[in-house]
Amino acid sequence: MIALPSLAQELALPRGAEETLNVVQDQGAYAVPLGPWSFDDGVPTQRVEGQVRAQSWRIPGGGATPFQLLKPLRDQLTEAGFDILLDCSADVCGGFDFRFATLVLPAPGMFVDLAGYHFVSARSPAGDVATVLTSRDDWAGYIQIIRVGDDLGITQKEGPAVDTQVTPSPSVEAGVPVTDAAPVQVPVEGLIAKLEQQGHVILTDMMFKSGSSTLRTGSIASLDQIAAYLAARPERRILFVGHTDAVGSLSSNQALSRKRAQAAVTYLRQTHKTRKSQIGADGVGYLAPKTTNLTPQGRDANRRVEAVLISTE
């Protein structure tokens, strides 16, 4: 249970929430977002001074969307007498620009998918404020609550349950599936035939958390198939190439894409003892998109690792 003394109301978190960060500034100020980001004005805010409390929680499981995580908390705020100042999802809030114009606790304590988050700011009759930000990665949901004033406490004692069942990925072609469930099975004949006919193939079962280059545990079917192919054809050489969406700087995305490609090489070396001379890794960041970066679906598709056949004979 997380609670502070002399608080008039308590906000119940979902059952299973694990606190990841808890920061208190006794004499601080917080710019409370009042509206979505715009090209002309940025994010309109109101400065509120006092004791600022910023906390975040992780909710294991893959079932609840950012909105489903936020709605019970928003409803509790209104029931406690708070007026909602801003209620928006990622695309309405302003996506990347809104996220980086407001206060967010650092990773890994708090995670924000720039294409999938929900935000609410609210004010009590006494003038105290609270903001709630929710998002999720492949394996868990995240909640951040920032409070200024004494009208709101937090408890995990009677919070609502959230669905912790993993939601299957809606699209294999996305390149970064949204679940750590069973790997996508790619037929050997189909993957290798496409590799030889087209010269490259997207490895749809290479799964990463957003911003991470660490592979999920367990067998990677596409890499197992490539290992068998290279063992049978020692003259063949494959370069793994990492790709990212267009969020962030080119240099950081190139570095991340190289690390993701290197993860394929490491897997083949450690799991199958594949010859060093047959495999390599590089990354191009966002310079070779598969589709548009203007939509969440497009950005998902652009985050991928491809196997490129570089043999000429």
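With the simple model of a label 7 Å out from the Cα in the direction of the Cβ, Asp40 to Ile84 spans 2.6 nm. Would you mind classifying the range 10-155 by shape? Square roots of the alpha carbon gyration tensor eigenvalues, ordered a ≥ b ≥ c; an a/c under 1.5 is rounded, otherwise it is prolate if a/b is larger than b/c and oblate if not. Rounded is the answer for the range 10-155, as its axis ratio a/c remains below 1.5. For Leu34, the residues 5 or more places off, or on other chains, whose built amide H falls under 5 Å of its own are Thr45, Gln46.
Run the numbers for Ser252 and Thr291: contour at 0.36 nm per residue of separation, minus the present Cα-Cα distance, in nm. All intermediate terms of the calculation are to be shown ahead of the outcome.
Numbers: separation 39, 0.36 × 39 = 14.04 nm, distance 2.03 nm.
Using 0.36 nm per residue and subtracting the Cα-Cα distance, I get 12.0 nm.
At what distance in angstrom do the alpha carbon centres of the range 66-109 and the range 235-294 lie from each other? Here the two parts' Cα centres lie 34 Å apart.
Working from Cα pairs under 8 Å separated by at least six residues, relative contact order for the range 210-313 is 37 percent.
The ranking of Phe240, Phe39 from fewest to most other beta carbons within 10 Å of each one's beta carbon is Phe39, Phe240. Taken about its Cα centre, the range 10-155 carries a charge dipole of about 200 debye when Lys and Arg each add +1 at the Cβ and Asp and Glu each add -1 at the Cβ.
No value in this document is a laboratory result; all are computed from the given coordinates. Remember, it's a predicted structure, so these values are computed and weren't measured experimentally. Don't worry about glycine lacking a Cβ; one is built from the backbone with ideal geometry, like all the others, and counts go over all protein chains shown.
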